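The values are calculated or read from the model by the stated rules, or taken from the named source; none is laboratory data. In this text the structure is predicted, and so the values were computed from the model without any measurement. We place every Cβ from the backbone using ideal geometry, glycine too, and count neighbours over all the protein chains shown. Note: areas computed on protein heavy atoms with side chains; ligands, DNA, RNA excluded. Shrake-Rupley method; radii C 1.70, N 1.55, O 1.52, S 1.80 Å.
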Amino acid sequence: MTSNQVSGRNRNRFQALAMTAVFDIAGPLVAYSLLRSAGQSEVSALILSGAFPALGVMVGLVRHRRVDAIGILVLAGMAVGTILGVLSGSPRMVLVEGSVPTAVFGLLCLASLWSRRPLIYRFAIEFIGADTPKGRDFEARWVHPGFRHAFRLFTVVWGVVYLAEAAARVIIVETTSAGTALTVSKVMPYVVGAALAGWMVAYGRRAKREGERLAAEAQAAAEAQAAAEAQAAAEAQAATATAGAAV
């Protein structure tokens, strides 16, 4: 990889982090605080501050020029929360919108276990790039039972954790203030996502070490078997030679 490619990748990562910080975390929280200070109601402040994440999704769609399924889920959740908030006049109904895409994603993960490829595997191959040499090598590993088991396990864990996160969000919305619930709803997805990613990396490393250990043991057993067979053949040959000399 050339220095220009590394620089470009680092720049893209920085831009992604900057967009997340501005549109998904800081922007909504600052906008909500300013709108409340200006006298806006909790419902209107929450709805208006939701314009930042929606704008972030739209910017991502324009930049990548393709439909992002997660982005569509986020927009759908915002639309549901906005409609419920306007109709009910309750800020809690607006805040519940964060649980909608989270719960849907969790259900999609679990439902994908009955398909040919689980959802987390599909995300992984999409992230790597199916048309790249690394992507083709990654896809070829699907024939190995251990590889299939790992990604089915990943998908189960992601599905269960995201359903639990959706339930936790609803509880937080119902038991705390609108400002606290908004802060938690903006930070929680990244904490949960980072924890899941860290667990996947740790699991992958442990599985790799276990695979290497088993391969080494199999190699050692094969070498020992070959040595024993060679020793037995040598002993048989020596016995035959001795018998022939005695005759």
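Brief remarks follow.
- Integer Hz, Karplus 6.51/-1.76/1.60 couplings in order for the range 165-172, x for Gly and Pro: 5, 4, 5, 5, 4, 4, 4, 5
- For the range 159-198: rounded, prolate or oblate by the Cα gyration tensor [a/c cutoff 1.5]: oblate
- In nm, spacing of pseudo-spin labels at Ser115 and His144 (7 Å Cα→C-beta vector): 2.4
- Where Phe127, Phe52, Phe138 fall by accessible area, highest first, once all protein chains stay in place (1.4 Å): Phe127, Phe52, Phe138
- At the residue level, His149 shows approximately 110 square angstrom of accessible surface with a 1.4 angstrom probe and all protein chains present.
- Kirkwood Rh, angstrom, the range 81-232 [1 / mean 1/r, Cα pairs]: 18.7
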